[in-house]
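Let me begin by presenting the structure, written as structure tokens, before commenting on it.
Throughout, read-outs are computed from the coordinates displayed, never taken from laboratory work. None of these values were measured; they are calculated from a predicted model. Every residue, glycine as well, gets a Cβ built from its backbone with ideal geometry; the counts of neighbours run over all protein chains shown.
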Amino acid sequence: MAALVLDAQLDRYSDLPRTPDQLHHCLTGADIAGWFRLDDGRPVFAREKHASHPLAEIVERHPKHIRWLLSLDLLDDARHLVTAASIVTQAAN
């Protein structure tokens, strides 16, 4: 039933993204669980003690927090954001 509704919405609204990846990005912004939001295309914490701080800043300044975050059962999209930010930060140092 959900697939039929989605198909009807895609038929009706030509401006909706067409691929699952594009739809996901359009609907969630950064990650589906709401750990992050995008600010000028960069992931920023959306909740908890680092809310409104850029992910890259927390990766650099609070690696212990990042290790804790990665120990959680994060969904793949959030895990990918954290891992990518960690790799970029390590490469820069």
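Which trypsin sites (Lys or Arg not before Pro) from region 3-93 combine a DSSP loop assignment with at most 16 other Cβ atoms within 10 Å? Could you put the intermediate results ahead of the total?
Numbers: sites: 12, 18, 37, 47, 49, 61, 64, 67, 79; in loops: 18, 47, 49.
Here the sparse-neighbourhood loop sites are 18, 47, 49.
Among the GluC sites (Glu not before Pro) within region 24-86, those in coil by DSSP and having at most 10 neighbouring Cβ atoms inside 10 Å are 48. Considering the zone a paramagnetic label at residue 33 would reach in this model (a point 7 Å from Cα along the Cα-to-Cβ line), which residues of region 60-93 have amide N under 17 Å from it? Hits in region 60-93 for residue 33 at 17 Å: 65-86. Suppose R0 equals 30 Å. What FRET efficiency, 1/(1 + (r/R0)^6) with r the Cβ-Cβ distance, do residue 64 and residue 8 give to the nearest 0.05? Plugging the Cβ-Cβ distance into 1/(1 + (r/R0)^6) gives 0.05.
Given the choices [x] 35, 16, 9; [y] 28, 24, 9; [z] 31, 13, 11, semi-axes √(5λ) of the Cα gyration tensor in Å derived from the coordinates of this structure is entry [z].
For region 3-53, compute the orientation-averaged projected area of the C-alpha convex hull (one quarter of its surface), in nm².
The directionally averaged projection comes out at 4.2 nm².
In order along region 35-45, the phi-based Karplus estimate (6.51 cos²θ - 1.76 cosθ + 1.60, θ = phi - 60°) of 3J(HN,Hα) comes to 5, 10, 10, 9, 10, 6, x, 9, x, 10, 4 Hz; Gly and Pro are listed as x. Per residue, the average separation of C-alpha pairs within less than 8 Å and at least 6 apart gives the chain a relative contact order of 18 percent.
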